[in-house]
C-alpha cells in the first residue's frame, strides 16, 4: 500500500516536472520571439539559423529544462507554495539554482559542439567556457527565479479558481436542499 | 530550407494543432456528458477518478505538442521570411504571438487546476470546472487558427 502511494507520488512528480518545464520553456521562447520581432531582429536571426540546428538546440534546452525542473520540484513540488512566503522563497532559490545549471550546461553544450564542428583551438574554448558559463549561469539563474514567480502566480490563480468553483458548487447544493 | 523539410515542419505544426484542438474538444464533450458531478446526496466528496486520468493524459500530450508547435512555428516563420514589426503582416504576427502567449498562460492555469483537483482540493464539482476549461481551450484554439489563417493567407 505504501509502495502504491509512493508510486502515485512519483508519477505526479514526473507529470508536474514535465508540465512546468515545458510551460516555462514555451513561455520563454514566446517572449524571446516577441522581443526579437518587436525590435526587428527576428528576420536576421532566423536567416542565420538552419532547421536542423534549430530543432537540435531547442531539444537540448528542453531536455536540460525537464531534468532541472525535476530536481527543483523534487522536494514537494508546487504544493510547497501553500507554505506561504517561506515556501515561495524556497522554490525561488531552487528555481535560481536550476536555471543557473540550465544556463551553464546549455552554453557549454553549444560551445562544445560549435568548437568540435569548427575545429576551434582548445585554449580559446576553455576561456570561452570559463567566462561564458559563469555569465550564462547568472542569466539562467535570474530567468529560473523569475519563472518560479510566474509559476507561483498561475498556481495562486488556479487555487482561487478551484476555491470559487467549489464554493459556488456547495452553495448550489445548499439551495437545492432548502427547496 | 528544402521543400521536403518545409513540408515536414508544416505537417508537424498542423498535426499538433489538430491534436490539441481535437483533444480539448473530446475532453470537453466527455466531461460534459458525464454531468456536473456535484457531491452526491450523502455529501460524498469523492475524488475525480477517471475524468482526472483523462485530463492528466491530455495535459501530458498538450505540453509536448505545445513545445513541438513552438519550434515548428519558428521554422514556418523562417521558411516564409518573417515580417518586420511594422506593416499589416507584422502587426498580425505581433497579435498572434501575444494571443498565443496569453493562451499558454491560461492553459498552464488549467493544468494546475487539474493538479489541484487531483490532489483532492475539491469535491466532484471539479468535473464541471474541467469541462468548462477544456471548452474554453477548444474555443481559444479556434481563434488562434483563424489568426494563423490570416497570417498565412492575408
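None of the figures in this text is laboratory data; all of them are computed from the coordinates on show. Quick caveat, the model's predicted, so the values are computed rather than measured. Positions of Cβ are backbone-derived with ideal geometry, glycine not excepted, and every protein chain shown enters the neighbour counts.
Quick check: convex hull over the Cα atoms of the protein assembly as shown, volume per residue in Å³, rounded to an integer?
Hull volume over Cα atoms, normalised by residue count, gives 165 Å³.
Put a dot 7 Å past each Cα toward the Cβ at residue A:135 and residue A:167; how far apart are the dots in nm?
According to this spin-label approximation, the distance is 5.0 nm.
Using only helices, what value at 222 nm comes out for chain A when you add -39,500 (n - 2.57) per DSSP H run of length 4 or more and divide by the total residues, to the nearest 500 deg cm²/dmol?
Rounded to the nearest 500, the figure is -32000 deg cm²/dmol.
Between the stretch B:8-34 and the stretch A:85-123, how many Å separate their Cα centres?
Using only Cα atoms to place each centre, the spacing works out to 34 Å.
Determine the shielding of peptide B:80-92 by partner chains: average, over its residues, the number of Cβ atoms on other chains within 10 angstrom of each Cβ.
Whole-number average of other-chain Cβ neighbours for B:80-92 is 3.
Using a 10 Å cut-off on Cβ to Cβ distances, tally the other chain neighbours for every residue of A:154-167 and report the average as a whole number.
6
In angstroms, what radius of gyration and Dmax does the stretch A:1-148 have, counting Cα atoms only?
For the stretch A:1-148, the Cα radius of gyration and maximum Cα-Cα distance read 17.8, 58 Å.
Working from the alpha-carbon coordinates of the stretch A:124-167, get Rg over Rh, Rh being the Kirkwood radius.
Taking Rg over the Kirkwood Rh, I get 1.45.
When a footprinting reagent is the concern and you count Cβ atoms within 10 Å, what order do B:60, A:71 take, fewest first?
Starting with the residue having the fewest Cβ neighbours, the order is A:71, B:60.
Using only the alpha-carbon atoms, how far is helix A:84-118 inclined from the longest principal axis of chain A? Give it as 0 to 90 degrees, nearest 10.
It works out to around 30 degrees.
Highest first, please rank the peptides A:79-89, A:11-21 by the mean number of other Cβ atoms sitting within 10 Å of their residues.
A:11-21, A:79-89
With chain A treated as a Gaussian network of Cα nodes joined by springs under 10 Å, which of A:25, A:117, A:33 yields the largest mean-square fluctuation?
Of A:25, A:117, A:33, the Gaussian network model singles out A:117 as fluctuating most.
At a Förster radius of 45 Å, what calculated FRET efficiency corresponds to the Cβ-Cβ distance of residue A:82 and residue B:4, to the nearest 0.05?
My answer for the efficiency is 0.35.
Other chains' Cβ within 10 Å of A:11-21 residues: what's the mean?
4
Relative to the longest principal axis of the C-alpha atoms of chain A, give the angle of the C-alpha long axis of helix A:2-39, reported between 0 and 90° and rounded to the nearest 10°.
Orientation of helix A:2-39: about 60 degrees from the principal axis.
Could you work out how far the C-alpha centroid of the stretch A:21-54 sits from that of the stretch B:52-91, in angstrom?
The stretch A:21-54 and the stretch B:52-91 have Cα centres spaced 11 Å from each other.
Stick to Cα atoms and the Kirkwood definition of Rh, then tell me Rg/Rh for the stretch B:3-153.
Dividing the radius of gyration by the Kirkwood radius yields 1.08.
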